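Quick notes on the structure that follows.
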Amino acid sequence: MFSGAVHQGPPQTDLSFSDLGLNGQLVESLVRIGFEHPTPIQAEVIPRAFDGKDIVGLAQTGSGKTAAFGLPIIQSLLVTKGGTRALILCPTREIALQTRAFIDIVGKVHKLKTACLIGGVKMGPQITDLQRVPDVVVATPGRLWDHYERKNVRLDKIEHLVMDEADHMLDLGFLPQITRILGVLPTKRQTFMFSATMPSTIENLARRFMNKPGLVDLRPKTLTASGIEHRLYLVDPKDTKACLLKLVEEETGSMLIFLRRKVDADWACRQLELEGHKVARIHSGRTQQQRVAALRGLSDGKHRVLLATNVAARGIDIPIIEHIVNFGMPDAVEDYVHRAGRTARGAMEGTVSTVATWQDKEIIRHLEKAIGKKLPRCEVEGVESWTERKQTIRGRKRLRRRF
Ligand code: AMP
């Protein structure tokens, strides 16, 4: 189903937009902006949307969500006439502006009118847009509610509602406004909710305000695959090296260790060799021949452990690795996903262990949101887990709290 072509932007399917039921004029406007084939989320969502179903879509940003909900809404609005019939709620001004721009470009052939209601700018121009009775309103929840209370906008004709990046909206504290807005919308409508994660708050929202929604789950498999065990070793910065060495000693099976710096790879290689492990390394200081030999050695079983710096590791493809170790949390969730993809291929199982410190706290939070659960905290023998220390003002007592 997926095309192997080299392209910019999200991966695309081999399907065409007309296969999904879009009309000729819309397909033409899509070609003009370079959209030839639908992305996986578009291929899943658009036909179901035409069936009139409510949909919960779980997908990362950048997957092509905007067109997934925007296109069927634009086409449906051609059938009905009069009044503001579609409402798209977005977490941020930037996302709202981008969404409106997409609807404007593609909906132009059908002369659709839009308004964008976002905070931080004057209300006047937004009121002028609302007086022209837009077909589609794209809004952040706070500003939309302001307009509603001042009776600038009517929401009694809404047929299509989108809650885009719903988890992000809840993180920003928009639940009260969203609940109020949902309370004044017609109950007979089609509702789409998109979210990168599925915490219980999102499930509750779907249960309360949606009608038997279908689930389209396109989260990266490496994050959700049951075959992968994720482990987090949170230690004091001075203990990271000891933790890594102990991990290699405790675990059996092939291991690929990602390190940030060349010096760390050199250090770990020397140290592990001294401890009797069969180990090789690849980094920018190694010749192509040495790198190829290191990779082949791991596949042949000549050595069990391969150390790789982030840069050198890009593009390597080794079929079976039982254990991926991140020595330091990768800078982005995508990098973690990419690395995790080197284990648990097909039906196989694998482990991704990460040695991290308090400095990685933020990225750990992002990752846990993406996985939808807390990474299990693990320990190696002889290395204490890192805990947050707080001093109380009165008692000067030291409190230790696990992060
Ligand atoms: P979104 O997730 O909707 O923000 O889309 C992410 C990026 O992918 C945007 O730059 C879109 O213009 C682009 N995009 C979405 N769908 C397609 C498609 N079918 N073909 C090419 N580019 C696309």
Original post:
Before we move on, is Ala268 surrounded by 12 or more Cβ atoms within 10 Å (Cβ to Cβ), at pLDDT 95 or above and closer than 23 Å to Met329 by Cα?
Top reply: yes
**OP:** Report, by residue number, each residue of the stretch 75-96 that is within 14 Å of the ligand (Cβ to nearest atom) and in contact (Cβ under 8 Å) with a residue 40 or more places away in the chain.
**Re:** Ile88, Cys90, Pro91, Thr92, Ile95, Ala96
Subject >> Filter pass, Pro10 being in a loop (DSSP other than H, G, I, E, B), within 8 Å of the ligand (Cβ to nearest atom) and open to solvent by less than 60 Å² (accessible area, probe 1.4 Å) >> reply: yes
Original post:
What helices (runs of 4 or more DSSP H) lie completely within the stretch 45-140 and have 2 or more residues being under 14 Å from Phe192 (Cα atoms)?
Top reply: 65-77
Original post:
In the set Leu22, Leu15, which member is more than 8 Å from the ligand (Cβ to nearest atom), part of a loop (DSSP other than H, G, I, E, B) and open to solvent by 50 Å² or more (accessible area, probe 1.4 Å)?
Top reply: Leu15
Subject >> Filter result (in contact with a helix residue (DSSP H, G or I) (Cβ under 8 Å, 6 or more places away or on another chain), under 28 Å from Ser299 (Cβ atoms), assigned to a strand (DSSP E or B) and at pLDDT below 95) within the stretch 206-256 >> reply: Ile228, His230, Met255, Leu256
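Per-residue answers, yes or no, for (1) basic (Lys, Arg); (2) surrounded by fewer than 17 Cβ atoms within 10 Å (Cβ to Cβ); (3) modelled with pLDDT under 95:
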| site | (1), (2), (3) |
| --- | --- |
| Leu78 | no, yes, yes |
| Glu94 | no, yes, yes |
| His110 | no, yes, yes |
| Lys113 | yes, yes, no |
| Gln126 | no, no, no |
| Val133 | no, yes, no |
| Thr140 | no, no, no |
| Arg143 | yes, no, no |
| Arg150 | yes, yes, no |
Subject >> Per-region count, the stretch 36-57, residues open to solvent by less than 10 Å² (accessible area, probe 1.4 Å), more than 14 Å from Met210 (Cβ to Cβ) and in contact (Cβ under 8 Å) with a residue 60 or more places away in the chain >> reply: 2
**OP:** Inspect all residues belonging to the stretch 297-312 and state whether any of them is modelled with pLDDT under 80, surrounded by fewer than 19 Cβ atoms within 10 Å (Cβ to Cβ), among the aliphatic types (A, V, I, L, M) and not assigned by TED's automatic domain parsing to the domain that holds Thr61.
**Re:** yes
**OP:** Could you tell me which numbered condition Met198 fails, if it satisfies all but one of (1) assigned by TED's automatic domain parsing to the domain that holds His338; (2) in a loop (DSSP other than H, G, I, E, B)?
**Re:** (1)
**OP:** Just need a number here: residues in the stretch 332-390 that are at pLDDT 85 or above and assigned to a loop (DSSP other than H, G, I, E, B).
**Re:** 12
**OP:** Determine, yes or no, whether Ile74 is of a type in the set (Val, Ile, Thr) and in contact with a Gly (Cβ under 8 Å, 6 or more places away or on another chain).
**Re:** yes
Subject >> Tally of residues being within 7 Å of the ligand (Cβ to nearest atom) and either buried (at least 17 other Cβ atoms within 10 Å of the Cβ) or closer than 22 Å to Leu215 by Cα (or both) across the stretch 25-35 >> reply: 1
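The values are calculated or read from the model by the stated rules, or taken from the named source; none is laboratory data. Given the structure is predicted, the values throughout are model-derived calculations rather than measurements. As a convention, Cβ positions derive from the backbone with ideal geometry for all residues, glycine included, and neighbour counts pool all protein chains shown. Each accessible area value is taken on the protein alone, full model and side chains, heavy atoms only, with ligands, DNA and RNA left out. Shrake-Rupley method; radii C 1.70, N 1.55, O 1.52, S 1.80 Å.
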